[in-house]
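In what follows, a structure is listed as structure tokens, so that the remarks can point back to it.
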Amino acid sequence: MKTVDIVVPCYNYGRFLRGCVESVLSQHGVDVRVLIIDDGSPDDTPQIGRALAAEDARVAYRRHEPNQGFFPTINEGLFDWASADYCLLLSADDALAPGALARATTLMDAHPEVGLVYGLGMILKGETEPHGAPQAPGDYKTDILPGARFLEYCCEVGNPVPTPTAVLRTALQHRIGRYNPDLPHTSDYEMWMRCALHGDVGFVHAVQGYYRVHGAAMSAQYLALPIRDMVQCHRAVTTLLANAGDRVQSPQRLLKKSRQSRTGSALYHAHARFDAGDIEGVKALVASAAEAGFDVFGTSSGLRLKAGLLAGPRVYRTLMAGADILRGRKRRSPPGPPTADPDRDEQATIFGGWPQSARDRETTP
């Protein structure tokens with residue numbers, strides 16, 4: 001039976017910690033160990049962490065005093081402790097879906113060329129407990145992409161990997177190195193691309209983990225300011241390519257794909273603010289995008305946005321409605337941002353991306 005080491009960093013998430021750890025301990029078909037690293041939490045994390053370790057020999061608990069920060073904490077667990085066949089980094093406010101580790105490791109056992117496997121994630125809002133995830137059928141599908149194609153996909157759509165679903169070969173994790181603290185928001189995105197430089201990537205077409213969204217989450221400040229997220233994602237790509245050496249054949253082409261993707265996202269958000277009448281918000285977003293090197297006015301849709309800013313929302317909408325009537329068509333919606341989730345329209349709480357064309361190569365584990 002394969003072994004999996006799970007690193008659970010925890011800062012002030014004591015209220016979620018037991019549910020997180022129990023979602024690991026209840027996994028079947030694998031031998032698991034859990035390391036809880038309490039980074040100086042001021043809440044009841046110490047009591048809960050010590051209790052979990054006392055209740056089950058598979059759980060270990062460490063406490064930092066004082067707080068050392070996110071990156072020293074996760075790198076300590078993954079590189080100074082993890083030694084199993086596979087490893088996974090699981091935030092204390094997230095959780096695994098039933099059977100997730102067995103599905104991921106079954107795929108990796110069968111395909112030694114695969115260094116990373118992930119699947120779909122289900123969003124938990126606020127204090128919601130994990131429940132309601134669709135159970136994976138016995139004939140669930142899996143896919144494998146060559147690393148180069150997965151890297152290209154990441155540049156096209158952004159981060160497609162729900163972090164609580166990402167299982168790595170521990171030997172690969174140790175070989176490719178630590179999480180980069182210079183990428184505070186997108187270090188995971190850069191890590192998945194780094195994996196793709198060294199092996200193929202697998203995908204499980206099932207809910208593999210739960211990702212919690214709440215005001216205290218690290219990603220909240222970036223989700224509230226979309227241009228910041230776009231800039232950080234592009235920075236992750238440029239950082240990855242700068243360090244890739246000859247493992248990437250056409251870095252300039254990938255940089256162009258990334259820039260086009262972020263520009264499209266910026267344009268989408270600018271159109272949305274324009275339609276809401278937030279002209280100052282549009283101008284601020286466009287200025288920030290230009291400063292980051294994203295030319296939102298360099299496309300036909302961008303030129304329409306520029307015309308709208310010059311004419312004003314009311315005049316612009318009147319003119320566009322008239323033009324569309326003359327053409328005999330309805331007004332088109334603004335371009336949407338590249339999405340990493342082909343199932344997002346079917347169920348908004350499920351996310352995780354995989355190229356649609358890859359489904360022609362679906363296999364069973």
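From Thr349, Thr263, grab the single residue that is within 30 Å of Arg194 (Cα to Cα), at pLDDT 70 or above and either assigned by TED's automatic domain parsing to the domain that holds Pro164 or touching a strand residue (DSSP E or B) at 6+ places or on another chain (Cβ under 8 Å) (or both).
Sole residue among the options that is within 30 Å of Arg194 (Cα to Cα), at pLDDT 70 or above and either assigned by TED's automatic domain parsing to the domain that holds Pro164 or touching a strand residue (DSSP E or B) at 6+ places or on another chain (Cβ under 8 Å) (or both): Thr349.
Can you give me the number of residues within region 273-303 that are of a type in the set (D, E, K, R), assigned to a loop (DSSP other than H, G, I, E, B) and without any contact (Cβ under 8 Å) to a residue 24 or more places away in the chain?
Residues flagged as of a type in the set (D, E, K, R), assigned to a loop (DSSP other than H, G, I, E, B) and without any contact (Cβ under 8 Å) to a residue 24 or more places away in the chain within region 273-303 amount to 1.
Going by the structure shown, is Thr73 surrounded by 17 or more Cβ atoms within 10 Å (Cβ to Cβ), in contact with a Pro (Cβ under 6 Å, 6 or more places away or on another chain) and assigned by TED's automatic domain parsing to the domain that holds Tyr211?
Judged against the criteria, Thr73 is a match.
Are any residues in region 241-259 assigned to a helix (DSSP H, G or I) and out of contact with any Pro (no Cβ under 9 Å at 6 or more places or on another chain), and if so, which ones?
Gly245, Asp246, Arg247, Pro251, Gln252, Arg253, Leu254, Leu255, Lys256, Lys257, Ser258, Arg259, listed by residue number.
Restricting attention to region 189-218, which residues are surrounded by fewer than 22 Cβ atoms within 10 Å (Cβ to Cβ) and free of Cβ contacts under 8 Å to residues at least 60 places away in the same chain?
Across region 189-218, the qualifying residues are Leu197, Gly215.
Within region 284-308, track down each residue that is over 17 Å from Gly264 (Cβ atoms) and either buried (at least 17 other Cβ atoms within 10 Å of the Cβ) or outside the structural domain of Lys257 (by TED's automatic domain parsing) (or both).
Within region 284-308, just Gly308 meets the criteria.
Would you point out the residue of region 150-190, among those that are part of a helix (DSSP H, G or I) and closer than 11 Å to Tyr118 by Cβ, that is farthest from the chain's Cα centre (by Cα)?
Step one: list which residues in region 150-190 are part of a helix (DSSP H, G or I), which gives 150-157, 163-165, 170-176, 187-190.
Checking which are closer than 11 Å to Tyr118 by Cβ leaves us with 150, 163-165, 188.
Details: Phe150: 14, Thr163: 6, Pro164: 9, Thr165: 10, Asp188: 7 Å.
Only one residue tops the list, namely Phe150.
Would you mind stating whether Arg50 is assigned to a strand (DSSP E or B) and surrounded by fewer than 20 Cβ atoms within 10 Å (Cβ to Cβ)?
no
I need a count of the residues in region 192-229 that are at pLDDT 90 or above and closer than 21 Å to Arg259 by Cβ.
The number of residues fulfilling the criteria is 5.
Out of the residues in region 81-107 that are part of a loop (DSSP other than H, G, I, E, B) and among the charged types (D, E, K, R), which is farthest from Val21 (Cα to Cα)?
Asp85
With respect to the numbered conditions (1) under 24 Å from Arg149 (Cα atoms); (2) modelled with pLDDT under 60; (3) assigned to a helix (DSSP H, G or I), which one is the sole condition not fulfilled by Ser357?
(2)
Answer yes or no: is there a residue in region 241-263 that is within 22 Å of Asp188 (Cβ to Cβ), touching a Leu at 6+ places or on another chain (Cβ under 9 Å) and among the β-branched types (Val, Ile, Thr).
yes
Return only the number of the condition from (1) out of contact with any Ser or Thr (no Cβ under 8 Å at 6 or more places or on another chain); (2) over 17 Å from Gly209 (Cα atoms); (3) surrounded by fewer than 15 Cβ atoms within 10 Å (Cβ to Cβ); (4) modelled with pLDDT of 95 or more that Ser83 does not satisfy.
It fails just one condition, (1).
Which condition number in (1) surrounded by fewer than 17 Cβ atoms within 10 Å (Cβ to Cβ); (2) modelled with pLDDT of 80 or more; (3) under 22 Å from Lys256 (Cα atoms); (4) not hydrophobic (A, V, I, L, M, F, W, C) is the one that Gly281 fails?
For Gly281, the failing item is (3).
Looking only at region 16-42, count every residue that is in contact with a Ser or Thr (Cβ under 9 Å, 6 or more places away or on another chain) and surrounded by fewer than 16 Cβ atoms within 10 Å (Cβ to Cβ) and tell me the total. Reasoning before the result, please.
If we filter region 16-42 for residues that are in contact with a Ser or Thr (Cβ under 9 Å, 6 or more places away or on another chain), which is where we start, we get 16-17, 20, 29-33, 36-39.
If we keep only those that are surrounded by fewer than 16 Cβ atoms within 10 Å (Cβ to Cβ) too, we end up with 29, 31.
Qualifying residue count for the region: 2.
Working only within region 1-15, note down all residues that are in a strand (DSSP E or B) and either crowded, with 20+ Cβ neighbours inside 10 Å or charged (D, E, K, R) (or both).
Of everything in region 1-15, those that are in a strand (DSSP E or B) and either crowded, with 20+ Cβ neighbours inside 10 Å or charged (D, E, K, R) (or both) turn out to be Val4, Asp5, Ile6, Val7, Val8, Pro9, Cys10.
The values are calculated or read from the model by the stated rules, or taken from the named source; none is laboratory data. Remember, predicted model here, so these are calculated numbers, not experimental data. Glycine gets a Cβ as well: all are built from the backbone with ideal geometry, and neighbour counts include every protein chain shown.
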